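Presented below is the structure to which this report refers.
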């Protein structure tokens, strides 16, 4: 009986000492977490997509709280939640936030199956990253879309799908949250986040081919050849040519569409613009003009026909 009592006493003493040590350690090494971080995390959508530049919504929430303490939330945003969520976060943190223009993913490749025919057959792992690591892919264009759908797999919002007829990815702008996952997934960087534009209208060069004109045209009939006609046509300095390919700065573009008309290969696309009005049909039988040729009248000719 004494042995049992001693054992219980010893174990109780060890437990008490361990509890005291743990209590002291918890107080000394305690990590304080601002309660606002949890509040901001609840406001965020919880997608954990990484589009904000952080590993998850918790990382963004921490950065937002620190930014509020520093007096600025510039550069911090949730692409999934958009302006509505960021407005709630700003109200929660007692900050003002600038209205940012909505962005959307844009596929800068127009090399459809008909415009960019296959010259080889790839039989390896069906992945854009794997195919790109092997070489130029199945076409002669070493810059265009590889068509394996890595961007589709990366999108968590079902906003991008492969078109079986063209072999190119298409973005559903109503579902796109501009998280940037598809941009990161594309090994050839043909997907870009651009301003959605007023009424969803935007103009962009649908090509990233940096080969010289003849080489680019041989690989794809709709390639940008870097001729510079669009750059000369633009009056706002929105177009530059770098590496034999044109680029339109969406911050300077005024959506006049003159570059679209000037492009000889139709590599510049205008999205969501109203269809042009049909030109009025000219009448096949028009009244002959007597003043078209000075000094000559059509009346004598009619008289001769009547006499005949």
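Where does each of 268, 20, 248 land when they are ranked from fewest to most other beta-carbon atoms within 10 angstrom?
Working: 268 23, 20 10, 248 20.
In increasing order of surrounding Cβ atoms, one gets 20, 248, 268.
Take every Cα pair under 8 Å in segment 103-271 that's 6+ residues apart, average their separations, divide by the length, and report that relative contact order as a whole percent. It rounds to 24 percent for segment 103-271.
Extension gain for the segment residue 66 to residue 10, taken as residue separation times 0.36 nm less the Cα-Cα distance, is 15.3 nm to one decimal. Among 186, 207, the order by Cβ neighbours within 10 angstrom, fewest to most, reads 186, 207. Here the Kirkwood formula, the inverse mean of 1/r across different C-alpha pairs, assigns segment 201-245 a hydrodynamic radius of 11.1 Å.
Taking 15 Å as the cut-off, the amide N atoms of segment 194-222 that come nearer than this to a point 7 Å along the Cα-to-beta-carbon line of residue 174 belong to 200.
Take the alpha carbon gyration tensor of segment 103-271, find the square roots of its eigenvalues, order them as a ≥ b ≥ c, and report rounded if a/c is under 1.5; if not, report prolate when a/b exceeds b/c, else oblate.
Working: a/c = 2.11, a/b = 1.21, b/c = 1.75.
Since a/c reaches 1.5 but b/c is at least a/b, the shape of segment 103-271 is classed as oblate.
Which of rounded, prolate, oblate describes segment 35-93, given a ≥ b ≥ c as roots of the alpha-carbon gyration tensor eigenvalues and a/c under 1.5 marking rounded, otherwise prolate only if a/b is larger than b/c?
Values: a/c = 1.32, a/b = 1.30, b/c = 1.01.
Because its axes are fairly even, with a/c under 1.5, segment 35-93 counts as rounded.
Subtracting the Cα-Cα distance of residue 127 and residue 261 from their residue separation scaled by 0.36 nm leaves 44.6 nm.
State, as an integer percentage, the relative contact order of segment 35-93 based on alpha-carbon contacts under 8 Å between residues 6 or more apart.
After rounding, I find 37 percent.
The order of 31, 107, going from fewest to most other C-beta atoms within 10 Å of their C-beta, is 31, 107.
So if we plug the beta-carbon distance of residue 165 and residue 249 into 1/(1 + (r/R0)^6) with R0 = 30 Å, what FRET efficiency do we get, rounded to 0.05? List each step's numbers first, then the result.
Details: r = 32 Å, r/R0 = 1.06.
Step by step, r from the Cβ atoms, then E = 0.40.
Distance between the 7 Å Cα→Cβ label points at residue 88 and residue 184: 2.3 nm.
Given an 8 Å cut-off on Cα distances and at least 6 residues of separation, report the relative contact order of the chain as a percent. Don't jump to the answer; show the numbers that get you there.
On the way: 445 pairs, mean separation 41.2, N = 308.
That works out to 13 percent.
Beyond 34 Å, the tail of the calculated P(r) for the chain holds 49 percent of the Cα pairs.
Every read-out reported here was derived from the displayed coordinates using simple, explicitly stated rules and does not represent laboratory data. This is a predicted model, so every value here is computed, not measured. Cβ sites come from the backbone with ideal geometry, for glycine too, and all protein chains shown count toward neighbours.
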